[in-house]
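S.K.: Provided herewith is a single structure, encoded as structure tokens, for subsequent inquiry.
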């Protein structure tokens, strides 16, 4: 009796991968499931066990890798060979017809268009070489994004390998998004676990794709639609139109949105936009408009670009959706930076296919200006179809008994006194140990521009807080190897490296410490000015607002913020503990300058200088008797501009203020 030859482990692994990839494609791309979910899970489990027993069989495109690998400490830059450009917008029929008129004028004849639903997600580029997915990056600024390849591999409807025949190389452009149904399931599981709910599918998808740990990305159950190609190299006939290109991408096994339509006239485009603005809620994913592209790819190339927008495409944006509901209460959320953000607690209402229970109220001044009261019936809209916000009350439906809102004088989280800057619409909790801010404060304290504690970034800061090892930044200096061994994925060498970096941070000096404490308006430049003037943190803490604002370069707003920070007992307690741990809180005092080459002159720095940091340039200006200003005005004597100078340079040019570079600054200093 003949026996059936059993496949080798390598052969069986290949069989399982092929079956699982085919099942993925049928389920996610063709919407034609071939096997039950239970059978899929059985095959995947078999492959997992096989790869665990034979690690040499694991491949980058294996379906087992979709659950996510080890966390990354950072996202490397991803350079787009062909830029990913943004689109100009049209908001009504007149905008569509103006776009069509420009195309006809430049093309010399009417053009056909392809209309595609504008998916509300995050733009991504996928690089395939010889059919294999090798890298992926976010759009970023269009030229350079962030490489997120491990996270992209966790998205099941993105093929790890394209079936032959395929181009030798292709950059597939598309949108990562979260289905409404998956968003509701995700929030339901978070509610059951006692976690805060996500606000909306778009932000949840974007946040999921930028997780440092790919396993967290896998848990978001993200999806993908392809809509374009960048680089496209290979033999055979290339698509000559956008509609052909979409068909070709679909034939390669990539998911392409089925609701696309070729329109011969702008009237057909208008009708398509109107149809989907009315029917958008019927979809299981968010759309915020329609993208209209000239169908002929050769004509696209001929039309080219205006600034950074293609002349051959435009995005028609839908009007914001709105609904009415009752404002049950106004709560306060304390952000990671300490800002107090009021939010509306609403009677649940359906808006754009999502149940909305909370909405943005912007700030206290906005609430007062709109006369929004607790108990009102309010109009709720979605800004850009993403963030729900309260547009205002429906005054004719206002009941007799309503309550006006007053921002609390104490932080609702830590009960510290709240800072209400006179020229700021927001209020702030400045407690350095406030639980709502703790993760961000630890991350900032350890960052390179502050105390430079290498090894403590977002992931480590979160882990230290979650394990209750840090209640404030001073607790960093109580860490021991034994305590840190409780953290996940921390070996002896990693622990020792972090402990050494913490010990080394004690010698950074007063200026770096002031910047690290996260005092509002006190970055490296102002911290350097204060440190050089007072020489010790105790002197700064004891200084009055008048004494602080008398420092060259420190204005009344900065002085008020510094004085308020050091009036808080909780902040003084943290500073005292830092001192007991041996953190250096002193700096050499800057000698008084009776006169100097920049005496009486005000200079404003902008951009990155080739050889001087912002802090070093400020020190040189002040040491020469000058003033380092923070804003450009007619009273500014010079603007010192480096690479990537921003709005300050434009302001200087508009006011006729002289602009110099680093060489010009050094010339002034030596004059």
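Only the coordinates and a few stated rules stand behind these numbers; no lab work does. Every value quoted in this text rests on a predicted model; they were computed, and no experiment measured them. Quick reminder, even Gly has a Cβ in these numbers, built from the backbone with ideal geometry, and neighbours come from all protein chains shown.
S.K.: Hey, what angle do you get for helix 37-53 against the long axis of the chain, alpha-carbon based, 0 to 90 degrees rounded to 10?
M.R.: 70
S.K.: What percentages, rounded to whole numbers, describe P(r) for the chain computed over all alpha carbon pairs with 10 Å bin width beginning at zero?
M.R.: 3, 12, 18, 22, 22, 16, 7, 1, 0, 0, 0
S.K.: Also: Please give the length that would be gained between residue 102 and residue 184 if that part of the chain were fully extended, namely 0.36 nm times their separation in residues minus their C-alpha to C-alpha distance (nm, one decimal).
M.R.: Length difference between fully extended and current span is 25.3 nm.
S.K.: Further question on the same structure: Rank these for me by crowding, 276, 312, going from fewest to most other beta carbons within 10 Å. Don't jump to the answer; show the numbers that get you there.
M.R.: Working: 276 21, 312 26.
Least crowded to most crowded, the residues run 276, 312.
S.K.: I would also like to ask the following. Which ordering of 178, 609 is given by a fewest-first count of other beta-carbon atoms within 10 Å? Don't skip to the end; give the middle numbers.
M.R.: Numbers: 178 28, 609 19.
The fewest-first ordering by Cβ neighbours comes to 609, 178.
S.K.: Applying a 10 Å radius around every beta-carbon, put 394-402, 449-457, 84-92 in order of their mean neighbour count, most first.
M.R.: Sorting 394-402, 449-457, 84-92 by mean packing, highest first, produces 449-457, 84-92, 394-402.
S.K.: Here is a further query. Rounded to the nearest 500 deg cm²/dmol, what is the calculated helix-only ellipticity per residue at 222 nm for the chain, with -39500 (n - 2.57) per DSSP H run of length n ≥ 4?
M.R.: One gets -10000 deg cm²/dmol as the mean residue ellipticity at 222 nm.
S.K.: Okay, moving on. Between residue 420 and residue 654, what is the label-point separation in nm under the 7 Å Cα-to-beta-carbon projection?
M.R.: 3.2
S.K.: May I ask for the angle, rounded to the nearest 10°, between helix 492-505 and the longest principal axis of the chain, with both axes built from Cα atoms and the value confined to 0 to 90°?
M.R.: The angle comes out at about 30 degrees.
S.K.: With only alpha-carbon atoms in the gyration tensor, what are the semi-axes of the equivalent ellipsoid for region 602-669, in Å, largest first?
M.R.: Semi-axes from the Cα gyration tensor: 17, 14, 10 Å.
S.K.: I've got another one for you. Grab the beta carbon distance between residue 387 and residue 500, set R0 = 56 Å, and tell me the FRET efficiency rounded to 0.05.
M.R.: The value I calculate is 0.85.
S.K.: Shifting gears a bit: Could the peptides 540-549, 291-300 be put in order, highest first, of the mean number of other beta-carbon atoms found within 10 Å of their residues?
M.R.: 291-300, 540-549
S.K.: What does DSSP give for the chain in terms of the percent of beta bridges that are antiparallel, rounded to the nearest 5?
M.R.: Restricted to the chain, the bridges split so that about 85 percent are antiparallel.
S.K.: Sticking with this one: Can you tell me which of 264-275, 489-500 comes out highest on packing, and rank the rest after it, using the mean Cβ neighbours within 10 Å?
M.R.: Details: 264-275: 16.9, 489-500: 13.8.
Put in order of decreasing packing, that is 264-275, 489-500.
S.K.: Would you mind computing, in nm to one decimal, how far apart the modelled labels at residue 454 and residue 347 are, each placed 7 Å from Cα along Cα→Cβ?
M.R.: 6.0
S.K.: Would you work out the relative contact order for the chain, in percent, from Cα pairs under 8 angstrom that are 6 or more residues apart?
M.R.: Relative contact order of the chain: 9 percent.
S.K.: Tell me whether region 326-397 comes out rounded, prolate or oblate; compute the Cα gyration tensor, take square roots of the eigenvalues as a ≥ b ≥ c, and use a/c under 1.5 as the rounded threshold.
M.R.: Working: a/c = 1.68, a/b = 1.14, b/c = 1.47.
Oblate shape, in that a/c is at least 1.5 and b/c is the bigger or equal ratio.
S.K.: So how far apart, in nm, are the two label points at residue 357 and residue 405 if each is 7 Å from Cα heading toward Cβ?
M.R.: Those two pseudo-labels are separated by 1.8 nm.
S.K.: Gain in length, residue 669 to residue 326, computed as 0.36 nm per residue apart minus the alpha-carbon separation, to one decimal in nm?
M.R.: Additional length available on full extension: 117.1 nm.
S.K.: For the Cα atoms of the chain, what angle does the longest principal axis make with the long axis of helix 93-107, in degrees from 0 to 90, nearest 10?
M.R.: 70
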